[in-house]
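The values are calculated or read from the model by the stated rules, or taken from the named source; none is laboratory data. Please read all numbers here as calculations on a predicted model, not as lab measurements. Heavy atoms of the whole protein, side chains included, go into the accessibility calculation; ligands, DNA and RNA do not. Shrake-Rupley method; radii C 1.70, N 1.55, O 1.52, S 1.80 Å.
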Amino acid sequence: MGIKCFHFSCRAICPDFFVGQEAWKLSNDWATFNDWLKTRNAGKIDKEVDVILKYLREQCGAKKIGVIGFCWGGAAVQHLMLKNPHLKTGVSLYGVIRFFEDRSSLLHPTFFIFAEKDEHIPLEQVTVLEQKLKQNCKVDYEVKIYPGQTHGFVHRKREDINPQDKPYIEEGRKDMINWLNKYL
(Lines give C-alpha, C1' and ligand atoms only; values in the text may rest on other atoms or scores of the structure.)
Protein backbone atom coordinates (compact mmCIF):
# COMPACT_ATOMS: atom_id res chain seq x y z
CA MET A 1 0.00 0.00 0.00
CA GLY A 2 1.45 3.36 -1.00
CA ILE A 3 1.40 6.62 0.87
CA LYS A 4 -0.60 9.40 -0.71
CA CYS A 5 0.50 12.95 -0.14
CA PHE A 6 -1.96 15.80 -0.23
CA HIS A 7 -1.09 19.46 -0.34
CA PHE A 8 -3.55 21.75 1.35
CA SER A 9 -3.21 25.44 0.79
CA CYS A 10 -4.83 27.98 3.00
CA ARG A 11 -5.00 31.67 2.23
CA ALA A 12 -6.59 34.41 4.25
CA ILE A 13 -7.68 37.68 2.70
CA CYS A 14 -8.99 40.60 4.71
CA PRO A 15 -10.73 42.89 2.22
CA ASP A 16 -11.16 46.59 2.90
CA PHE A 17 -14.94 46.80 2.61
CA PHE A 18 -14.78 50.18 4.31
CA VAL A 19 -12.69 51.62 1.47
CA GLY A 20 -10.09 53.18 3.70
CA GLN A 21 -12.60 54.41 6.28
CA GLU A 22 -12.21 53.44 9.91
CA ALA A 23 -13.66 50.11 11.05
CA TRP A 24 -15.91 50.12 14.11
CA LYS A 25 -14.15 49.60 17.43
CA LEU A 26 -15.77 48.34 20.61
CA SER A 27 -14.31 51.36 22.38
CA ASN A 28 -16.28 53.75 20.12
CA ASP A 29 -19.37 55.52 21.44
CA TRP A 30 -22.22 53.12 20.66
CA ALA A 31 -24.63 56.04 20.40
CA THR A 32 -22.97 56.81 17.04
CA PHE A 33 -23.14 53.23 15.72
CA ASN A 34 -26.22 53.80 13.54
CA ASP A 35 -24.60 56.86 11.93
CA TRP A 36 -21.49 54.76 11.23
CA LEU A 37 -23.67 52.06 9.66
CA LYS A 38 -25.28 54.49 7.22
CA THR A 39 -22.04 54.57 5.23
CA ARG A 40 -21.34 50.83 5.45
CA ASN A 41 -23.95 48.37 4.22
CA ALA A 42 -23.02 44.72 4.79
CA GLY A 43 -25.38 43.77 1.96
CA LYS A 44 -23.52 45.83 -0.64
CA ILE A 45 -20.20 44.01 -0.86
CA ASP A 46 -20.90 41.75 -3.83
CA LYS A 47 -18.63 43.48 -6.37
CA GLU A 48 -15.66 43.38 -4.00
CA VAL A 49 -16.36 39.75 -3.07
CA ASP A 50 -16.59 38.73 -6.74
CA VAL A 51 -13.13 40.20 -7.38
CA ILE A 52 -11.70 38.37 -4.35
CA LEU A 53 -13.28 35.06 -5.34
CA LYS A 54 -11.96 35.40 -8.88
CA TYR A 55 -8.46 36.06 -7.53
CA LEU A 56 -8.62 33.07 -5.16
CA ARG A 57 -9.83 30.72 -7.91
CA GLU A 58 -7.65 31.94 -10.76
CA GLN A 59 -4.45 33.04 -9.03
CA CYS A 60 -4.41 30.73 -6.01
CA GLY A 61 -6.20 27.69 -7.44
CA ALA A 62 -8.76 27.68 -4.62
CA LYS A 63 -11.50 25.12 -5.06
CA LYS A 64 -13.36 25.52 -1.76
CA ILE A 65 -13.77 28.95 -0.22
CA GLY A 66 -15.25 29.87 3.14
CA VAL A 67 -15.76 33.18 4.90
CA ILE A 68 -15.50 34.38 8.49
CA GLY A 69 -16.75 37.71 9.83
CA PHE A 70 -17.00 39.45 13.17
CA CYS A 71 -19.78 41.92 14.12
CA TRP A 72 -20.41 43.90 10.89
CA GLY A 73 -18.41 41.21 9.11
CA GLY A 74 -20.64 38.57 10.69
CA ALA A 75 -23.60 40.28 9.05
CA ALA A 76 -21.64 40.29 5.78
CA VAL A 77 -21.14 36.52 6.15
CA GLN A 78 -24.89 36.04 6.57
CA HIS A 79 -25.48 38.12 3.43
CA LEU A 80 -22.98 36.02 1.46
CA MET A 81 -24.43 32.74 2.74
CA LEU A 82 -27.85 33.91 1.55
CA LYS A 83 -26.70 35.00 -1.89
CA ASN A 84 -23.29 33.91 -3.20
CA PRO A 85 -23.25 30.51 -4.96
CA HIS A 86 -19.43 30.31 -5.11
CA LEU A 87 -18.78 29.85 -1.40
CA LYS A 88 -18.84 26.59 0.55
CA THR A 89 -19.39 27.71 4.14
CA GLY A 90 -19.32 30.62 6.55
CA VAL A 91 -18.86 31.50 10.20
CA SER A 92 -20.70 34.55 11.50
CA LEU A 93 -19.43 35.74 14.86
CA TYR A 94 -21.86 38.05 16.64
CA GLY A 95 -23.15 39.29 13.30
CA VAL A 96 -25.66 42.09 13.56
CA ILE A 97 -28.86 40.12 12.90
CA ARG A 98 -31.16 43.05 12.21
CA PHE A 99 -29.48 43.64 8.82
CA PHE A 100 -30.93 40.40 7.41
CA GLU A 101 -33.56 39.39 9.94
CA ASP A 102 -36.15 38.90 7.21
CA ARG A 103 -34.03 36.38 5.28
CA SER A 104 -33.01 32.92 6.43
CA SER A 105 -32.80 30.62 3.38
CA LEU A 106 -29.07 30.01 3.52
CA LEU A 107 -27.34 28.52 0.46
CA HIS A 108 -24.39 27.12 2.41
CA PRO A 109 -23.66 25.62 5.82
CA THR A 110 -23.29 28.46 8.31
CA PHE A 111 -22.16 28.58 11.92
CA PHE A 112 -23.44 31.46 14.04
CA ILE A 113 -21.57 32.36 17.23
CA PHE A 114 -23.26 34.65 19.77
CA ALA A 115 -22.51 35.88 23.27
CA GLU A 116 -25.07 35.44 26.03
CA LYS A 117 -24.46 38.92 27.44
CA ASP A 118 -24.07 40.81 24.16
CA GLU A 119 -25.44 44.31 24.74
CA HIS A 120 -25.80 44.90 20.99
CA ILE A 121 -27.44 41.67 19.87
CA PRO A 122 -30.23 40.74 22.30
CA LEU A 123 -30.91 37.04 22.81
CA GLU A 124 -34.46 37.65 21.55
CA GLN A 125 -32.98 38.41 18.10
CA VAL A 126 -30.94 35.21 18.25
CA THR A 127 -34.07 33.21 19.15
CA VAL A 128 -35.96 34.69 16.20
CA LEU A 129 -33.03 33.88 13.89
CA GLU A 130 -33.03 30.27 15.12
CA GLN A 131 -36.79 29.97 14.55
CA LYS A 132 -36.55 31.36 11.01
CA LEU A 133 -33.60 29.11 10.16
CA LYS A 134 -35.51 26.10 11.47
CA GLN A 135 -38.50 27.01 9.28
CA ASN A 136 -36.69 28.03 6.08
CA CYS A 137 -33.15 26.71 5.95
CA LYS A 138 -32.39 23.57 3.94
CA VAL A 139 -28.62 23.41 4.59
CA ASP A 140 -26.67 22.61 7.73
CA TYR A 141 -26.42 25.44 10.24
CA GLU A 142 -25.69 25.86 13.90
CA VAL A 143 -26.43 28.69 16.30
CA LYS A 144 -24.35 28.61 19.46
CA ILE A 145 -24.59 30.99 22.41
CA TYR A 146 -21.57 31.10 24.71
CA PRO A 147 -22.59 31.59 28.36
CA GLY A 148 -21.47 34.68 30.23
CA GLN A 149 -19.72 36.18 27.21
CA THR A 150 -20.01 39.68 25.75
CA HIS A 151 -19.75 41.10 22.24
CA GLY A 152 -16.34 40.51 20.68
CA PHE A 153 -15.27 37.69 22.99
CA VAL A 154 -13.74 35.32 20.41
CA HIS A 155 -11.30 37.84 18.97
CA ARG A 156 -10.11 39.43 22.21
CA LYS A 157 -6.42 40.13 22.44
CA ARG A 158 -4.46 37.94 24.83
CA GLU A 159 -3.94 40.81 27.28
CA ASP A 160 -7.70 41.53 27.38
CA ILE A 161 -8.78 38.02 28.32
CA ASN A 162 -10.20 37.45 31.79
CA PRO A 163 -9.23 34.03 33.20
CA GLN A 164 -12.88 33.00 33.64
CA ASP A 165 -13.61 33.79 29.97
CA LYS A 166 -10.60 31.97 28.52
CA PRO A 167 -12.29 28.54 28.19
CA TYR A 168 -15.18 30.07 26.21
CA ILE A 169 -12.84 32.07 24.00
CA GLU A 170 -10.79 28.96 23.25
CA GLU A 171 -13.98 26.95 22.66
CA GLY A 172 -15.31 29.57 20.23
CA ARG A 173 -12.06 29.61 18.29
CA LYS A 174 -11.92 25.80 18.21
CA ASP A 175 -15.58 25.55 17.13
CA MET A 176 -14.93 28.02 14.30
CA ILE A 177 -11.93 26.03 13.01
CA ASN A 178 -13.80 22.72 13.34
CA TRP A 179 -16.72 24.11 11.32
CA LEU A 180 -14.40 25.28 8.54
CA ASN A 181 -12.56 21.94 8.54
CA LYS A 182 -15.88 20.11 8.26
CA TYR A 183 -16.94 21.96 5.09
CA LEU A 184 -13.71 22.96 3.38
Using all Cα-Cα distances in segment 77-184, what percent lands in each 5 angstrom bin from 0 up to the longest? 2, 13, 23, 23, 20, 13, 5, 2, 0
Radius ratio Rg over Rh of segment 40-135, counting only Cα atoms, Kirkwood formula for Rh: 0.99
How large is the Kirkwood hydrodynamic radius of segment 124-184, counting all unique pairs of alpha carbons, in Å? 13.4 Å
Ratio Rg/Rh [Cα only; Rh per Kirkwood] for segment 10-61: 1.09
Accessible area of the chain belonging to carbon and sulfur atoms, whole % at 1.4 Å probe: 52 percent
Between helix 123-136 and the chain, what is the angle of the helix's C-alpha long axis to the longest principal axis, kept within 0 to 90° and rounded to the nearest 10? 40 degrees
Once ligands and nucleic acids are excluded and a 1.4 Å probe is used, how much of HIS155 is accessible, expressed in Å² to the nearest 10? 90 Å²
Taking the chain as the reference, fit the longest principal axis to its C-alpha atoms, fit the long axis of helix 166-183 to the helix C-alpha atoms, and give the angle between the two in degrees, 0 to 90, nearest 10. 40 degrees
How large are Rg and Dmax for the chain when calculated on the C-alpha trace, in angstrom? 17.0, 65
Per residue accessible area of the chain, 1.4 Å probe, in Å²: 62 Å²
Heavy atoms only, 1.4 Å probe, whole protein assembly: order VAL128, VAL19, VAL154, VAL67 by accessible area, highest first. VAL19, VAL128, VAL67, VAL154
Most to least accessible of TYR55, TYR94 (protein chains only, probe 1.4 Å): TYR55, TYR94
